[in-house]
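Structure first, commentary second.
The values are calculated or read from the model by the stated rules, or taken from the named source; none is laboratory data. Not measured: the values here are computed from a predicted model. Reconstructed Cβ throughout: ideal geometry from the backbone, glycine too, with neighbour counts over all protein chains shown. For the accessible areas, the whole protein counts, side chains as well, though only heavy atoms, and no ligand, DNA or RNA atoms are used. Shrake-Rupley method; radii C 1.70, N 1.55, O 1.52, S 1.80 Å.
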Amino acid sequence: MAKAYDHLFKLLLIGDSGVGKTCLIIRFAEDNFNSTYISTIGIDFKIRTVDIEGKKIKLQVCPEIFHFFRDTAGQERFKTITTAYYRGAMGIILVYDITDEKSFENIQNWMKSIKENASAGVERLLLGNKCDMEAKRKVQREQADKLAREHGIRFFETSAKSSTNVDEAFSSLARDILLKSGSRRSGNSNKPPITELKTSDKKNASKCSLV
Ligand SMILES: Nc1nc2c(ncn2[C@@H]2O[C@H](COP(=O)(O)OP(=O)(O)OP(=O)(O)O)[C@@H](O)[C@H]2O)c(=O)[nH]1
């Protein structure tokens, strides 16, 4: 029997608690949104197959999961329990909440965490989620755009609630991973420059930015 997909890519979402990682995954995989907040204690990964460049790409998506523990001095700390998944991820999505400045500042720490835990060639993507809450915005898109450029990664503003840019963000990451794996095999890079996607996809951006 023919395989139902051409490639399987494992993606991981990281970012502060409450920024909307689980909701983004559920919106992407099930096209659903629930505003009741239950902090992740172990949603399993979700799966969706997308069509990219004529290939069927099965995306297996998982949020970073933490647990609290006490260190030897009795201080409460948290620790990832998905370290193995971190290493196996081919794409990592860094998420902050546009209404929460701290979650944006912490992106630098999450970048460090990727360096320490993930595979060297992992593709990264920055998302500013909850862009439906414009009135409560604390992080300007220019700040995030600058950060993304400094790290050479793409940036979208998304809303899991209104579904803005969610498919676009996941597909763009999958496309980058696909192009990278192809170029690794052929020895040259087909990855379009970051600015190229910006113009072609801008029509989908609605009020949220896609830079
Ligand atoms: N307005 C709005 N609220 C959102 C959006 N995404 C998530 N939320 C809300 O934000 C809260 C946290 O969302 P989660 O998806 O559970 O956040 P998380 O990052 O998985 O949190 P942890 O599991 O604690 O790591 C929930 O109340 C969601 O309903 C969004 O795009 N817009």
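A single entry from Ala174, Ala160 fulfils the requirement of being closer than 27 Å to Ile47 by Cα and more than 14 Å from the ligand (Cβ to nearest atom): Ala174. Within the stretch 86-99, the only residue that satisfies the criterion of being of a type in the set (D, E, K, R) and near the ligand (Cβ under 10 Å from one of its atoms) is Asp97. Of the residues examined, Asp145 is not one that is surrounded by fewer than 18 Cβ atoms within 10 Å (Cβ to Cβ), assigned to a helix (DSSP H, G or I), in contact with a helix residue (DSSP H, G or I) (Cβ under 8 Å, 6 or more places away or on another chain) and modelled with pLDDT of 95 or more. Sort out which residues of the stretch 4-18 are in a strand (DSSP E or B) and either of a type in the set (A, V, I, L, M, F, W, C) or open to solvent by less than 60 Å² (accessible area, probe 1.4 Å) (or both), and write them in order of number. Across the stretch 4-18, the qualifying residues are His7, Leu8, Phe9, Leu11, Leu12, Leu13, Ile14. Taking the stretch 124-150 as the range and being within 12 Å of the ligand (Cβ to nearest atom) and not hydrophobic (A, V, I, L, M, F, W, C) as the test, the residues that pass are Gly128, Asn129, Lys130, Asp132, Glu134, Lys136, Arg137.
Filtered by the rule that a residue be in contact (Cβ under 8 Å) with a residue 60 or more places away in the chain, within 17 Å of Gly152 (Cβ to Cβ) and buried (at least 24 other Cβ atoms within 10 Å of the Cβ), the stretch 108-132 gives a lone residue, Leu127. For Ala135, the conditions (1) more than 22 Å from Val61 (Cβ to Cβ); (2) touching a residue at least 12 places away in the same chain (Cβ under 8 Å) all hold with the exception of (2).
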